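The values are calculated or read from the model by the stated rules, or taken from the named source; none is laboratory data. Because the structure is a prediction, the values reported are computed rather than measured. Please note: Cβ atoms are built from the backbone with ideal geometry, for glycine as well, and neighbour counts cover all protein chains shown.
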Amino acid sequence: MKRFFYFLPIFLIACDNPFYNESYESPDDVVSITVTEPSKRLYKYGEAFDRNGLSVKVYRRDGTSYDEKNPAISGFDSAREGVQTITVSAGGKSRQFIVGVMLFALSAPEISASKGGTVMLQAENGASGSWAVYVFKGDAFESAPKLDPQNGASAAFSAPSSGGNYIVAANFRAKGVTSCRFYLLKVEE
């Protein structure tokens, strides 16, 4: 049995590849990313992560950029109370921001302060090391107030400059474990 081979001229046509996905490019092609943090930064225990307001822009080495539609998000656990660092990744680069997860029966101790006044937080005995304090207004992150250089059982920071109710999350080390306490801060008008 003889075989016949047919040779047909081949034409190459350039066209857009419908299967190409920008997010699968080489990390070497990506120079940096910028992240606009989501508007919701304070969560109730068990609440799902809310991507509203989150946007990620990826900048390539060739000077072009694009909006990443599905960035990878890690670090969020709504079953763990406290301040959490969330990592957003795209194109081999990442950025971080913080959120708070609290039991929302809001049995948090209340603190009152005047606008811009000094707020003093006190930990249980055995607190050591430095504090990290985060202030939330509603669901949004308000500010990271300046702390006194003081370490140990207490920390001082400046109250926000506008009146209203705030949630304060304070991380500190006590008995070798990082603890987080939430407070309701009422800033007087």
Q: Return only the number of the condition from (1) within 20 Å of Phe49 (Cβ to Cβ); (2) aliphatic (A, V, I, L, M); (3) in contact (Cβ under 8 Å) with a residue 40 or more places away in the chain that Ala113 does not satisfy.
A: (1)
(Q) Looking at Tyr43, Tyr66, can you tell me which residue is in contact with a helix residue (DSSP H, G or I) (Cβ under 7 Å, 6 or more places away or on another chain) and either in a strand (DSSP E or B) or modelled with pLDDT under 95 (or both)? (A) Tyr66
Q: Test Gly152 against the criterion of being modelled with pLDDT under 80, on the phi > 0 side of the Ramachandran plot and either small (Gly, Ala, Ser) or within 23 Å of the chain's Cα centre (by Cα) (or both), and give yes or no.
A: yes
Q | Residue in the range 93-101 that is more than 21 Å from the chain's Cα centre (by Cα) and either modelled with pLDDT under 90 or not small (Gly, Ala, Ser) (or both) present | A | no
Q | the range 159-189 - residue that is closer than 14 Å to Ile111 by Cα and modelled with pLDDT under 85 and, of those, farthest from the chain's Cα centre (by Cα) | A | Arg181
Q. Restricting attention to the range 51-72, and to residues there that are among the β-branched types (Val, Ile, Thr) and out of contact with any Phe, Trp or Tyr (no Cβ under 7 Å at 6 or more places or on another chain), which single residue is surrounded by the fewest Cβ atoms within 10 Å (Cβ to Cβ)?
A. Thr64
Q.
I'm checking my understanding of the structure. Among residues of the range 156-173 that are in a loop (DSSP other than H, G, I, E, B) and not aliphatic (A, V, I, L, M), which one is surrounded by the fewest Cβ atoms within 10 Å (Cβ to Cβ)?
A. Ser161
Q) Right, Ala48: over 23 Å from Gly138 (Cβ atoms) and either outside the structural domain of Asp139 (by TED's automatic domain parsing) or surrounded by fewer than 17 Cβ atoms within 10 Å (Cβ to Cβ) (or both) or not? A) no
Q | Those residues of the range 28-40 which are part of a loop (DSSP other than H, G, I, E, B) and exposed (fewer than 15 other Cβ atoms within 10 Å of the Cβ), in sequence order | A | Ser39
Q.
Being in contact with a Gly (Cβ under 9 Å, 6 or more places away or on another chain) and either in a loop (DSSP other than H, G, I, E, B) or not assigned by TED's automatic domain parsing to the domain that holds Ser158 (or both) is true for just one of Ile98, Ile86, Ile73. Which residue is that?
A. Ile86
Q: Within the range 174-189, track down each residue that is of a type outside the set (A, V, I, L, M, F, W, C), more than 20 Å from Ser130 (Cβ to Cβ) and in a strand (DSSP E or B).
A: Lys186, Glu188
